[in-house]
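**Q** This structure is in structure tokens; I'll ask about it shortly.
Each value in this text was obtained by applying a stated rule to the coordinates, not by laboratory testing. All figures in this text were calculated on a predicted structure; none of them were measured in a lab. For neighbour counting, all protein chains shown are included, and Cβ atoms are generated from backbone atoms with ideal geometry for every residue, glycine included.
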Amino acid sequence: MKNTTETIHYDDRIVRYFLMATLLWGGIAFSAGLLVALQLAYWKFNFNLEWLTFGRLRPLHTNAAIFAFAGNAIFAGIYHSTQRLLKTRMASDALSKIHFWGWQLIIIGAAITLPLGYSQSKEYAELEWPLDLAITAIWVVFAVNFFWTIARRRERHLYVALWFYIATIITVAVLHIVNSIEIPVAAFNSYPVWGGIQDALVQWWYGHNAVAFFLTTPFLGLMYYYLPKAANRPIFSYRLSIIHFWALVFIYIWAGPHHLLYTALPDWAQTLGMVFSIMLWAPSWGGMINGLLTLRGAWHLLRTEPVIKFMVAALTFYGMATFEGPLLSIKSVSALGHYTDWIIAHVHGGALGWNGFLTFAMVYYLVPRLWKTPLYSKKLADAHFWVGLLGILLYYTSMVAAGFTQGAMWMAMDKGQLVYPDFVETVVRIVPLYAVRAVGGMLFITGFLIMIYNLYKTIKGAPAPQDEAVVVPARVEQHHAGEGHRRLEGMATVFSILTFLAILVGSAIEIYPTLSIHRYVKPTTKVDPYTPLELAGRDIYIREGCYTCHSQMIRKLDFDVVRYGKPSTAAESMYDRPFQWGSRRIGPDLARVGGKYPDLWHLRHMVDPRSVTPKSIMPTYGWLTQKNTDFLGLRRRVSVLKSLGVPYSDEQVSEADRLAEQQAKTIADGLVTQGAPAGLEKKEMVALIAYLQALGKKGGSDE
């Protein structure tokens, strides 16, 4: 008689690898976050070192938190749960190992290049082109292994967690590829093919959906698997799961433009983003309710099981974040909240509360099972929960208070005049709240360290880990059995194609109309491109991470116009690659800063900000007077931009270095007459000054 069952061994080693990487990179990400928090509370924590300034460390922190900590957690959970949901070992141990080591090498590459200033300045997509290519390759390895495993499954239907994994893998691939189309100009430097409003829209289509499809859908998949497992109860509603998945996947992709309200982005795109963001309330809360109601009849576990505590808190933070996000997308609310620390509170409420606590719940669930030993101490896990929760609440409330303070002070007007015309007045008011935020971060890290000790003691006393062996059916039954959605769950290829189409519709409708910039810029509008020296200065501005503190987008709001000048137009940034509209104002907007101050003011401001702006929290940039500008590399840079449509003449391409040196000599000579030392003409400081003085002076503001 033919055997109808067989014994297989799950690949738990790869799960343990990703779990350990999650903890390692989590510690690094949280420590980097604490340091940048301290830098805002007290500027001397920049240590006067170029590779430790806020502008360079902030993208390191965000990338470490998202792609190193959360990314490894996602992979640990997916590799563990997928094998059990499909009742088969991962299709290829070799691909699993390539995925693990490739991802860690990418993270190490990011940890090296970002502090060195190699950045595209696009939030959550700062990594330069060699690392972008590596991400693409490793993601393909992951996708092949995952879908190959689905093809070999011994379960007829795909459980709901797998739906969210499929959506994650497909959508992240689309987002990354479209947003990362760029042309290299050096070993670790490139210019995107998108420019101005195109780049802004594509970037925030990517940026918002990186949150949606890297920090939301995979974690929802993990919730749908680990919450029922931990509570030993089925998910509350299968039908609600279906509605939650398809509504979320279809609607989320449209919401990106709500990051660009009142900007030069076309009004139709802004309205579209706002409307779909508000619609997100329904599916998001549907998912939260589905998770919480799974615990009906099992609420007593909150008192005894730390895993359930973390899960419930995570779902609560998910509900809060997905209520606050649509709220912030309403135009009148965005006028107050955008560019302020309210956005930072919103992001971290989700990142620490939803992603962090769900990851901790998963870790506490997995470690005893992977090492086949009880958790060392539930009391320590409880202590971690309460200390971490207090840290999040301190962080969140301090940053909401800071955001409200910033927004209210910026908006305050009396008889058409600003009540607080000096930007630094706002900064001074919120510095104490930055200190409170740092304390909250310290508490969160303290909780994390308690967990590390608890896990160390758990694993130390455990036997040598072994892969789990299970008896499973020798073959899967016909996949397409069932009716309605149940039938679709047995058709993995069709399901994946429908998911791809669901995210493609909104993406195409949003992005396609902006591909022709002339729809939004009159043919008669004149805009001059940056001179080669100004272009060099712009690249230095990006390298130093100035975009992390300054915007270059004057919104169509009275208080913005009175403070900074005419609203920014689509034409003004049409040659900007990458765009520099910004997402935060720790410092003032710079869209019209050109000509506002003499060159010597900019020199003194960069060398010692407090010499011209007392109580400034900006780092010092003295090394810019020591490092030489790369004049020879400008020919390649200008040539690439010309190939992308920037109207440079043949002379500007072939003579880029000479023209830049000539302009630098003129600026340096002028600085000498103002009292600056001689010999600055080759220094990066002069190139940066040239760029800053060009802002708002290139035309296009009167279209």
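**Q** Less than 15 Å apart at the alpha-carbon level, and either on another chain or at least 8 residues along: which aspartates and glutamates does that give for Lys526?
**A** Glu572, Asp576, Asp702, Glu703
**Q** HN-Hα J couplings of the range 195-208 from phi, Karplus 6.51/-1.76/1.60, θ = phi - 60°, integer Hz, Gly and Pro as x?
**A** For the range 195-208, the Karplus-derived couplings read x, x, 5, 4, 5, 4, 5, 5, 5, 7, 4, 5, x, 5 Hz, x marking Gly and Pro.
**Q** In sequence order, what are the phi-derived ³J(HN,Hα) couplings for the range 8-13 according to the Karplus relation 6.51 cos²θ - 1.76 cosθ + 1.60 with θ = phi - 60°, rounded to whole Hz, with x for glycine and proline?
**A** 10, 10, 5, 7, 8, 4
**Q** Still on this model: Select from Ile617, Ala536, Gly675 the residue farthest towards the positive end of the dipole of the range 532-694; place +1 on Cβ of Lys and Arg, -1 on Cβ of Asp and Glu, and compute about the Cα centre.
**A** Ranked along the dipole, the leading option is Ile617.
**Q** Which distance in Å, rounded to a whole number, links the C-alpha centroids of the range 256-296 and the range 530-596?
**A** Centre-to-centre (Cα) distance: 28 Å.
**Q** Is the C-alpha gyration tensor of the range 361-520 telling us rounded, prolate or oblate? Criteria: a/c under 1.5 is rounded; beyond that, a/b larger than b/c is prolate, otherwise oblate.
**A** oblate
**Q** Same structure, new question: 5 Å is the cut-off here: which amide hydrogens, built 1.01 Å from N in the peptide plane, fall below it relative to Lys683, excluding neighbours closer than 5 in sequence?
**A** The list, which skips near neighbours in sequence, is Thr629.
**Q** Which whole-number percent is the relative contact order of the chain (Cα, under 8 Å, 6+ apart)?
**A** Numbers: 1161 pairs, mean separation 125.4, N = 703.
After rounding, I find 18 percent.
**Q** As a check on your grasp of the helix formula, calculate [θ] at 222 nm for the chain: sum -39500 (n - 2.57) over DSSP H runs of n ≥ 4, divide by the residue count, round to the nearest 500.
**A** Working: 27 runs with 420 residues, N = 703.
Helices in the chain give a 222 nm mean residue ellipticity of -19500 deg cm²/dmol.
**Q** How many nm separate the modelled label positions at Leu644 and Asp669, each set 7 Å beyond the Cα in the direction of the Cβ?
**A** For Leu644 paired with Asp669, the spin-label model returns 3.3 nm.
**Q** Suppose R0 equals 35 Å. What FRET efficiency, 1/(1 + (r/R0)^6) with r the Cβ-Cβ distance, do Lys522 and Trp285 give to the nearest 0.05? Please report the intermediate quantities before stating the final value.
**A** Working: r = 44 Å, r/R0 = 1.26.
With R0 = 35 Å, the Cβ-Cβ based efficiency is 0.20.
**Q** Given points 7 Å out from each Cα along the Cα-Cβ axis, report the Leu24 to Leu133 separation in nanometres with one decimal.
**A** Going from the Leu24 label point to the Leu133 one covers 2.6 nm.
**Q** Shifting gears a bit: Would you kindly state how much longer the chain becomes between Met411 and Tyr456 on full extension, computed as 0.36 nm times their sequence separation minus their alpha carbon distance, in nm to one decimal? Mind showing how you got there, number by number?
**A** On the way: separation 45, 0.36 × 45 = 16.20 nm, distance 5.10 nm.
Additional length available on full extension: 11.1 nm.
**Q** Would you mind working out the magnitude of the charge dipole of the chain relative to its Cα centre, with +1 at each Lys and Arg C-beta and -1 at each Asp and Glu C-beta, to the nearest 20 Debye?
**A** Details: 62 positive and 48 negative charges, 400 e Å.
Using Cβ point charges on Lys, Arg, Asp and Glu, the chain gives about 1920 debye.
**Q** 7 Å from Cα along Cα→Cβ at both Trp51 and Val505: what's the point-to-point distance in nm?
**A** 4.9
**Q** Quick one: of Lys415/Lys522; Lys522/Lys556; Lys87/Lys122; Lys556/Lys682; Lys229/Lys331, which pairs are farther than 31 Å apart, Cα to Cα? Write out the running numbers ahead of the final one.
**A** Working: Lys415/Lys522 35 Å; Lys522/Lys556 19 Å; Lys87/Lys122 40 Å; Lys556/Lys682 39 Å; Lys229/Lys331 41 Å.
In this structure, Lys415/Lys522; Lys87/Lys122; Lys556/Lys682; Lys229/Lys331 exceed 31 Å between Cα atoms.
**Q** Using 0.36 nm times the number of residues separating Ile177 and Arg610, minus their current alpha carbon distance, what extension gain do you get? Provide the component values of the computation, followed by the final result.
**A** Working: separation 433, 0.36 × 433 = 155.88 nm, distance 4.23 nm.
Extra length from Ile177 to Arg610 when fully extended: 151.7 nm.
**Q** Output ³J(HN,Hα) for the range 89-104: one whole-Hz value per residue in order, computed from phi by the Karplus curve 6.51 cos²θ - 1.76 cosθ + 1.60 with θ = phi - 60°, and x for Gly and Pro.
**A** Ordered by residue, 3J(HN,Hα) equals 5, 3, 4, 9, 5, 5, 5, 4, 5, 4, 4, 4, 5, x, 5, 5 Hz.
**Q** Right, next: Between the range 27-84 and the range 652-703, what is the separation of their alpha carbon centroids in Å?
**A** If we compute the Cα centre of each part, the gap is 35 Å.
**Q** Oh, and also: What is the chain by shape, rounded, prolate or oblate, if you read a ≥ b ≥ c off the alpha carbon gyration tensor as root eigenvalues and call it rounded for a/c under 1.5, prolate for a/b larger than b/c, and oblate otherwise? Mind showing how you got there, number by number?
**A** Values: a/c = 1.87, a/b = 1.70, b/c = 1.10.
Cα axes put the chain in the prolate bin.
**Q** Here is a follow-up. Rounded if a/c is under 1.5, else prolate if a/b beats b/c, else oblate: with a ≥ b ≥ c from the C-alpha gyration tensor eigenvalues square-rooted, which is the range 532-694? Intermediate results must be reported in sequence, preceding the final value.
**A** Working: a/c = 1.88, a/b = 1.10, b/c = 1.71.
Because a/c hits 1.5 or more and a/b fails to exceed b/c, the range 532-694 counts as oblate.
**Q** Related question: Could you work out how far the C-alpha centroid of the range 182-222 sits from that of the range 435-454, in angstrom?
**A** Going from one Cα centre to the other spans 30 Å.
**Q** A follow-up question, please. Can you work out the PRE-style zone for Leu632? Point 7 Å along Cα to Cβ, and I want the residues of the range 182-201 with backbone N under 18 Å.
**A** What the label zone holds, given the 18 Å backbone N cut-off, is 185-189.
**Q** Using 0.36 nm times the number of residues separating Leu515 and Ile330, minus their current alpha carbon distance, what extension gain do you get? Walk me through the intermediate numbers first.
**A** On the way: separation 185, 0.36 × 185 = 66.60 nm, distance 2.60 nm.
Full extension from Leu515 to Ile330 adds 64.0 nm.
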